[in-house]
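Below: the structure, in structure tokens.
The values are calculated or read from the model by the stated rules, or taken from the named source; none is laboratory data. Keep in mind the model is a prediction, meaning the values are calculated, not measured. Cβ placement follows ideal geometry from the backbone for every residue including glycine, while neighbour counts extend to all protein chains displayed. For the accessible areas, the whole protein counts, side chains as well, though only heavy atoms, and no ligand, DNA or RNA atoms are used. Shrake-Rupley method; radii C 1.70, N 1.55, O 1.52, S 1.80 Å.
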There are 2 protein chains.
Amino acid sequence: MIGVFDSGLGGLTVVKEIMRELPGYPVVYFGDTARMPYGTKGDAAVRRFAVQDAELLMREGVEVIVIACNTASALAREEVQAAVNVPVIDVVTPTVTAVLAEDYRKIGVIGTSATVRSGVYEKMIHAADPRRRLYARACPLFVPLVEEGSERRPETAIIAKRYLNQLKLRHLDALILGCTHYPFLRRQVQAAVGPGVRLIDPAQATVQLLKRRLTEDPRLARPVSGDPHHRFLVSDSSPIFARLASRWLKRPVELELVQVE
Amino acid sequence: MIGVFDSGLGGLTVVKEIMRELPGYPVVYFGDTARMPYGTKGDAAVRRFAVQDAELLMREGVEVIVIACNTASALAREEVQAAVNVPVIDVVTPTVTAVLAEDYRKIGVIGTSATVRSGVYEKMIHAADPRRRLYARACPLFVPLVEEGSERRPETAIIAKRYLNQLKLRHLDALILGCTHYPFLRRQVQAAVGPGVRLIDPAQATVQLLKRRLTEDPRLARPVSGDPHHRFLVSDSSPIFARLASRWLKRPVELELVQVE
């Protein structure tokens with residue numbers, strides 16, 4: 001079983017990619033909806049929450065854990081790996097590898113306040129190649145806008161333009177969508193930075209790495225024959241969550257309420 | 001000592017009113033910033049959190065507790081009062097009393113998703129006077145907009161108009177600002193519903209009730225001579241919180257990090 005966790009429901013973009021690329025594997029998803037969002041929280045809280053989330057997935061018997069949250073990946077991937085005895089894949093590391101494999105010179109990063117404050121993408125990319133130029137911008141309203149279903153409203157385009165106008169002036173080669181909610185705003189972000197900028201969705205690089213790991217070491221987790229049974233756990237249930245989850249995954253999703261603390 | 005709690009920092013609008021109306025009383029404020037916002041959470045989580053918040057204030061030795069959060073007031077005021085042996089004042093009950101004292105016929109309520117879903121204002125007002133007409137609307141982006149400092153941006157006016165256009169057509173007599181963050185958006189809300197609508201800020205009725213209680217029963221809490229020492233506790237500290245708190249209270253605020261769980 002593949003365990004996936006996020007602060008809320010944004011990590012479902014990673015689950016969607018797993019369903020597409022690794023269709024036979026059952027997924028246990030945990031969304032820490034009671035304590036979401038992580039992106040506006042302090043570092044210590046995010047670390048504590050992320051370790052608790054991983055421990056919860058371990059109790060469900062997962063064989064590999066994907067941290068489907070950029071904020072938790074940025075601040076807590078080492079703490080999470082230290083806390084569990086299964087492989088942990090975060091969304092930042094494979095994205096950095098994917099970016100370094102291409103000849104992008106000017107790279108933008110957008111994410112939550114906590115992700116951008118951590119400087120994780122800059123640090124990891126510069127450690128490998130100091131000549132790359134990085135430009136980061138926090139976009140705190142993007143998560144609530146997506147959770148409200150306001151992707152296509154005019155104010156969302158205005159807010160995207162305001163957040164991204166400085167990045168647009170940089171004439172970027174690529175822009176990392178450094179929050180699992182942001183792929184839902186792909187069109188609006190592209191319009192705000194201009195058509196020439198390549199948008200990088202960390203879900204893709206992450207699931208490619210997961211796929212490689214599972215191919216290299218088939219004992220890690222095995223696909224089932226027939227349709228796998230996926231589970232979706234949340235720490236707080238609200239009528240809105242189930243509706244959003246079903247809409248995003250384009251299938252009926254039943255949420256199970258669990259206690260994480 | 002007066003204890004005040006909120007899911008985050010919005011409750012500082014109530015503290016500000018206490019400082020104005022009851023200048024001699026020391027306040028201990030607790031903002032549950034690690035688990036904020038409450039307004040998008042489910043009922044059970046909000047109840048559990050609110051009781052823990054009140055218990056934390058009791059450990060600080062407070063003599064009266066103000067629930068400076070509409071969501072917690074709507075969902076958990078009975079649970080909180082049952083959990084502590086000091087008087088508890090919520091923001092909803094005194095606001096309902098103030099509204100009933102006036103001849104408002106058509107009354108709007110705006111608040112978080114959880115507050116609006118609870119229907120608390122409608123139920124309490126209708127229990128006293130079934131002839132009043134109530135119209136409610138959730139405004140989920142208002143809290144993140146205020147926390148980003150975006151009160152005066154054009155997109156905030158657009159979002160306010162979108163949320164409030166149905167209420168505007170009702171030609172309301174009064175509109176309850178049913179979230180402690182919303183007084184920061186007073187001007188934008190007034191513009192969206194029209195100049196004839198009286199805006200009701202629950203902080204005022206709440207602090208008037210607190211003042212009456214303290215006058216009637218002076219043993220409850222006593223003012224200090226000289227400048228009282230206020231404390232501001234949070235369950236998660238982020239550089240943004242201290243900046244916002246100081247800006248809103250118009251004085252330097254030092255936040256103390258505490259553990260609530």
Task: Using alpha-carbon coordinates, inclination of helix B:12-21 to the longest axis of chain B, degrees - done: 70 degrees
Task: Rg/Rh for the protein assembly as shown, where both radii come from Cα atoms and Rh is the Kirkwood radius - done: 0.99
TODO: Any chance you could check the Cα centroid distance between segment A:6-20 and segment A:36-55 for me, in angstrom?
DONE: 17 Å
Task: chain B: Lys pairs at Cα distance under 15 angstrom, eight or more positions apart or on different chains - done: 4
TODO: State the three equivalent ellipsoid semi-axes of segment B:212-261, derived from the C-alpha gyration tensor as the square roots of 5 times its eigenvalues, in descending order and whole Å.
DONE: 28, 15, 10
- [ ] Run the quick spin-label model on A:His171 and A:Ala44: label points 7 Å from Cα toward the beta carbon, then report their separation in nm to one decimal.
- [x] 4.7 nm
- [ ] Calculate one ³J(HN,Hα) per residue across segment B:99-108 by plugging θ = phi - 60° into the Karplus curve 6.51 cos²θ - 1.76 cosθ + 1.60, and present them in order as whole Hz with x for glycine and proline.
- [x] 5, 5, 6, 9, 8, 6, 9, 9, 10, x
Task: Extended-chain gain in nm, criterion 0.36 nm per residue less alpha-carbon gap, A:Glu261 and A:Val224 - done: 10.2 nm
- [ ] Would you calculate the volume per residue, in Å³, of the smallest convex hull containing every Cα atom of chain A?
- [x] 120 Å³
Open item on the list: Using Cα springs under 10 Å in a Gaussian network model of chain A, which residue among A:Arg105, A:Arg153, A:Arg222 shows the largest mean-square fluctuation?
Closed with: A:Arg153
- [ ] Take every residue in peptide B:127-140, count the Cβ atoms of other chains within 10 Å of its Cβ, and give the average of those counts.
- [x] 1
Task: Length released on extending from B:Asp217 to B:Val86, taking residue separation times 0.36 nm less the Cα-Cα span - done: 45.9 nm
Open item on the list: Over chain B, with a Gaussian network built from C-alpha contacts below 10 Å, which listed residue (B:Leu244, B:Leu169, B:Leu141) shows the highest mean-square fluctuation?
Closed with: B:Leu169
- [ ] Enter the mean number of other protein chain beta carbons within 10 Å of the beta carbon of each residue in A:33-44, as an integer.
- [x] 6
- [ ] With a 1.4 Å probe on protein heavy atoms only, tell me which residues of segment A:151-189 lose at least 40 Å² of accessible surface in the complex relative to the chain by itself.
- [x] A:Glu155, A:Ile158, A:Arg162
Open item on the list: I need the phi-derived Karplus couplings for segment B:62-77: 6.51 cos²θ - 1.76 cosθ + 1.60, θ = phi - 60°, integer Hz, Gly and Pro marked x.
Closed with: 6, 10, 7, 10, 10, 7, 8, 8, 5, 5, 5, 4, 5, 9, 9, 5
TODO: Could you tell me which of rounded, prolate or oblate describes segment B:61-163, using a ≥ b ≥ c as the square roots of the eigenvalues of the alpha-carbon gyration tensor, with rounded for a/c under 1.5 and, failing that, prolate when a/b is larger than b/c and oblate otherwise?
DONE: oblate
Task: In order through segment B:27-43: 3J(HN,Hα) via Karplus (6.51 cos²θ - 1.76 cosθ + 1.60), integer Hz, x for Gly, Pro - done: 10, 10, 9, 10, x, 7, 5, 6, 10, 5, x, 7, x, 9, 8, x, 5
Task: Built amide H within the under 5 Å cut-off of B:Ala136, gap 5+ - done: B:Val109
TODO: Enumerate the amide H contacts of A:Phe30 below 5 Å, restricted to partners 5 or more residues apart or on another chain; note that Pro and chain-start residues carry no placed amide H.
DONE: A:Val4, A:Phe5, A:Asp6, A:Leu233
- [ ] Given the options B:Gly196, B:Gly31, B:Gly11, state which has the largest fluctuation in a GNM of chain B using a 10 Å cut-off (strictly under) for Cα springs.
- [x] B:Gly196
Open item on the list: Which three extents, in angstrom, do the Cα atoms of segment B:1-129 have along their principal axes, listed largest first?
Closed with: 42, 34, 25
Open item on the list: With just the Cα atoms defining each centre, how far is segment A:99-127 from segment B:211-238? Give it in Å.
Closed with: 46 Å
Open item on the list: If you roll a 1.4 angstrom probe over the protein chains with everything in place, what fraction of the accessible area of the protein assembly as shown belongs to carbon and sulfur, to the nearest %?
Closed with: 51 percent
Open item on the list: Give me the 1.4 Å probe accessible area per residue for chain B, excluding ligands and nucleic acids, in Å².
Closed with: 40 Å²
